[in-house]
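A.B. asks: If you scroll down you'll find the structure; I have some questions about it.
The values are calculated or read from the model by the stated rules, or taken from the named source; none is laboratory data. It should be emphasised that the depicted structure is a prediction, and the values quoted were computed from it without experimental measurement. Neighbour counts are summed over all protein chains in view; Cβ atoms, including those assigned to glycine, are modelled from backbone coordinates with ideal geometry. These area figures cover heavy atoms from the full protein model, side chains too; ligands, DNA and RNA do not enter into them. Shrake-Rupley method; radii C 1.70, N 1.55, O 1.52, S 1.80 Å.
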Amino acid sequence: MDALERVVKPKTKRAKRFLEKREPKLTENTKNAMLIKGGNANLTVTEVLKDIYAVKKPFAVLYKKKNITRPFEDQTSLEFFSKKSDCSLFLFGSHNKKRPNNLIIGRMFDYHVLDMIELGIENFVSLKDVKNNKCPEGTKPMLIFAGDMFDLNEEYRRLKNLLIDFFRGPTVPSIRLAGLEHVLHFTALDGKIYMRSYRVLLKKSGCKIPRIELEDIGPSLDLVMRRTHLASDDLYKLSLKQPKALKPKKKKNISHDVFGTTYGRIHMQKQDLSKLQTRKMKGLRKRRAEKSAQDGGISPKKAKSA
């Protein structure tokens, strides 16, 4: 039996807390990414991994030693590292004559490879080559995707979903304007994917809403898609399944329209509108003749007093 698959009972409180963090939860933790160098990674691939690690921190683990593995042929080493570091996302960099400056981005489901897409680096500008001020570590980026291929092609659509999963960061309950300072822009054009990183500058505009300017901070990558390993529709659907406790309970007699307006239905007994009290006006008062006709006859005359 594999050492990582054994049921281990904690002996200390620290080990108990460590195992509790890895237990299945209704609301999962922020996904961590592991960045791995291949056995023959060159300087360009190493710099790319370092820059992606700087963007992804603190939700990333960078392996500095080289690991001789081929993810498209043997995935056992990736699954081992995923269990060891508790990472569900990975980025693997390698370089050879057949596929120079190679990146493989992917994600795991139940510690097994779910999706994996191979990208080739054609042009790269690192963080240190751009001398502008950088965003603070751990800043949640805004993701922008441009290009029809992200909606029309199935492989590009899955790549878009994978990039969102990789760079989205933690889920936050609220957002402040000053915190929106990092933009990651992905463009699909003429068979290439262009990745650009910008810092948002809020300038004075003379009114309440500030003027927005974008400043390039790096890294910049020109990528081309190579091989793909996509999950089947059934496995992909299984990975998106949510526990029943997270699904909102359906409330009776409540509906919503396309604009998000909530409508409620109230059940009441049948009302007798003839007894409905309306506003009293002199013009709406009944005459004596109408009242007597309603009562079924002429009212008796009053007797004269003697």
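A.B. asks: With respect to Asn32, is the statement that it is in contact with a Cys (Cβ under 6 Å, 6 or more places away or on another chain), open to solvent by 30 Å² or more (accessible area, probe 1.4 Å) and not small (Gly, Ala, Ser) true?
C.D. replies: yes
A.B. asks: Taking the conditions exactly as written (in contact with a strand residue (DSSP E or B) (Cβ under 7 Å, 6 or more places away or on another chain) and assigned to a loop (DSSP other than H, G, I, E, B)), does Gly260 satisfy them or not?
C.D. replies: No: the conditions fail for Gly260.
A.B. asks: Can you tell me which residue within segment 187-225, out of those that are hydrophobic (A, V, I, L, M, F, W, C) and part of a loop (DSSP other than H, G, I, E, B), is most open to solvent (accessible area, probe 1.4 Å)?
C.D. replies: The extreme case among them is Ile209.
A.B. asks: Condition first: open to solvent by 70 Å² or more (accessible area, probe 1.4 Å) and of a type in the set (A, V, I, L, M, F, W, C). Now tell me which residues in segment 122-147 satisfy that.
C.D. replies: Ile144
A.B. asks: Is at least one residue of segment 171-186 open to solvent by 30 Å² or more (accessible area, probe 1.4 Å) and over 20 Å from the mean Cα position of the chain (by Cα)?
C.D. replies: yes
A.B. asks: Just need a number here: residues in segment 14-40 that are touching a helix residue (DSSP H, G or I) at 6+ places or on another chain (Cβ under 8 Å) and in contact (Cβ under 8 Å) with a residue 24 or more places away in the chain.
C.D. replies: Here the count works out to 10.
A.B. asks: From the list Leu152, Leu119, Leu163, pick out the single residue that is buried (at least 18 other Cβ atoms within 10 Å of the Cβ) and out of contact with any Lys or Arg (no Cβ under 9 Å at 6 or more places or on another chain).
C.D. replies: From the options Leu152, Leu119, Leu163, the qualifying one is Leu163.
A.B. asks: Here's a follow-up. Please count how many residues of segment 226-255 are surrounded by 11 or more Cβ atoms within 10 Å (Cβ to Cβ), among the hydroxyl-bearing types (Ser, Thr, Tyr) and either in contact with a strand residue (DSSP E or B) (Cβ under 6 Å, 6 or more places away or on another chain) or part of a strand (DSSP E or B) (or both).
C.D. replies: Going through segment 226-255 one residue at a time, the tally reaches 2.
A.B. asks: Could you figure out which of (1) touching a helix residue (DSSP H, G or I) at 6+ places or on another chain (Cβ under 8 Å); (2) over 23 Å from Lys57 (Cβ atoms); (3) β-branched (Val, Ile, Thr) isn't true of Thr139?
C.D. replies: Against the list (1) touching a helix residue (DSSP H, G or I) at 6+ places or on another chain (Cβ under 8 Å); (2) over 23 Å from Lys57 (Cβ atoms); (3) β-branched (Val, Ile, Thr), Thr139 comes up short only on (2).
A.B. asks: Here's something else I'd like to know. So, in segment 16-29, how many residues would count as being open to solvent by less than 100 Å² (accessible area, probe 1.4 Å) and not in a loop (DSSP other than H, G, I, E, B)?
C.D. replies: Qualifying residue count for the region: 2.
A.B. asks: Which ranges mark the strands (runs of 3 or more DSSP E) fully within segment 37-119 that have 2 or more residues being more than 21 Å from the chain's Cα centre (by Cα) and more than 26 Å from Ala231 (Cβ to Cβ)?
C.D. replies: Because the criterion is at least 2 residues that are more than 21 Å from the chain's Cα centre (by Cα) and more than 26 Å from Ala231 (Cβ to Cβ), the strands (runs of 3 or more DSSP E) in segment 37-119 that meet it are 60-67.
A.B. asks: Where the second residue is small (Gly, Ala, Ser) and surrounded by fewer than 10 Cβ atoms within 10 Å (Cβ to Cβ) and the first is under 30 Å from Asn123 (Cα atoms) and lies in segment 222-244, which pairs have Cβ atoms under 9 Å and are six or more apart or on separate chains?
C.D. replies: If the second residue must be small (Gly, Ala, Ser) and surrounded by fewer than 10 Cβ atoms within 10 Å (Cβ to Cβ), the pairs left are Val224/Gly191; Met225/Gly191.
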